[in-house]
Amino acid sequence: MARVDTDRVHVLGVRHHGPGSARSVGAELKRIRPELVLIEGPPEADGLVGLVGELAPPVALLAYVPGQPSRAAFWPFAAFSPEWVALRYAVEHGVEARFCDLPAAHTLAGEERV
């Protein structure tokens with residue numbers, strides 16, 4: 001397992017979709033210049049991070065169970081979302097970004113009945 005230098009780990013607590021939080025996140029990312037940005041969201045969406053530069057918010061990630069539209073989850077991003085600001089920072093600065101939450105596949109998995 002890789003050793004983590006805890007002096008280089010920064011956790012930015014934010015209020016979702018708050019413009020003030022978004023400004024603060026942007027300023028802090030510029031200050032700390034991270035090597036990796038982790039954002040709350042399903043890791044299944046990691047492959048979509050590169051599309052951020054091509055999109056204009058509002059946008060959202062959507063996960064659902066095929067044939068059961070009531071079993072769905074979404075992660076919205078607006079221009080004033082701290083998460084969107086962090087994603088844009090990563091893409092614009094060539095920094096790796098990943099989502100770090102419980103996989104949507106686990107969240108949406110149903111209970112098996114025997």
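The values are calculated or read from the model by the stated rules, or taken from the named source; none is laboratory data. No experiment lies behind these values; they were computed from the predicted model shown. Cβ atoms come from the backbone with ideal geometry, glycine included; neighbour counts cover every protein chain shown. When the accessible area is computed, the model is the full protein with side chains, heavy atoms only, and any ligands, DNA or RNA have been set aside. Shrake-Rupley method; radii C 1.70, N 1.55, O 1.52, S 1.80 Å.
Of note:
- Within segment 28-45, the set of residues being open to solvent by less than 60 Å² (accessible area, probe 1.4 Å) and either without any contact (Cβ under 8 Å) to a residue 40 or more places away in the chain or touching a His at 6+ places or on another chain (Cβ under 6 Å) (or both) comprises 28, 32.
- For segment 54-72, the criterion of being of a type in the set (Ser, Thr, Tyr) and closer than 30 Å to residue 110 by Cβ is satisfied by at least one residue.
- Tabulated pairs, segment 52-80, first in contact (Cβ under 8 Å) with a residue 24 or more places away in the chain and under 23 Å from residue 97 (Cβ atoms), second open to solvent by 80 Å² or more (accessible area, probe 1.4 Å) and assigned to a loop (DSSP other than H, G, I, E, B), C-beta under 6 angstrom, 6+ apart or interchain: 78/58
- If the condition is being in a helix (DSSP H, G or I) and over 19 Å from residue 101 (Cα atoms), then segment 32-49 contributes only 32.
- Yes/no for residue 85 being free of Cβ contacts under 8 Å to residues at least 24 places away in the same chain and among the β-branched types (Val, Ile, Thr): no
- Of all residues in segment 50-65, none are over 21 Å from residue 19 (Cβ atoms), open to solvent by 80 Å² or more (accessible area, probe 1.4 Å) and in a loop (DSSP other than H, G, I, E, B).
Every residue, every condition in (1) out of contact with any Lys or Arg (no Cβ under 9 Å at 6 or more places or on another chain); (2) of a type in the set (Lys, Arg); (3) modelled with pLDDT of 85 or more, yes or no:
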site: 4; (1), (2), (3): yes, no, no
site: 14; (1), (2), (3): yes, no, no
site: 21; (1), (2), (3): no, no, yes
site: 25; (1), (2), (3): yes, no, yes
site: 29; (1), (2), (3): yes, no, yes
site: 35; (1), (2), (3): no, no, yes
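- Matching residues in segment 69-87 - criterion: being open to solvent by 80 Å² or more (accessible area, probe 1.4 Å) and touching a helix residue (DSSP H, G or I) at 6+ places or on another chain (Cβ under 9 Å): 80
- Residue in segment 88-107 that is nearest to the chain's Cα centre (by Cα), counting only those that are open to solvent by less than 50 Å² (accessible area, probe 1.4 Å) and under 14 Å from residue 41 (Cβ atoms): 99
- Filtered residues of segment 5-27 (kept if more than 20 Å from residue 80 (Cβ to Cβ) and either over 16 Å from the mean Cα position of the chain (by Cα) or surrounded by 14 or more Cβ atoms within 10 Å (Cβ to Cβ) (or both)): 5, 6, 7, 8, 9
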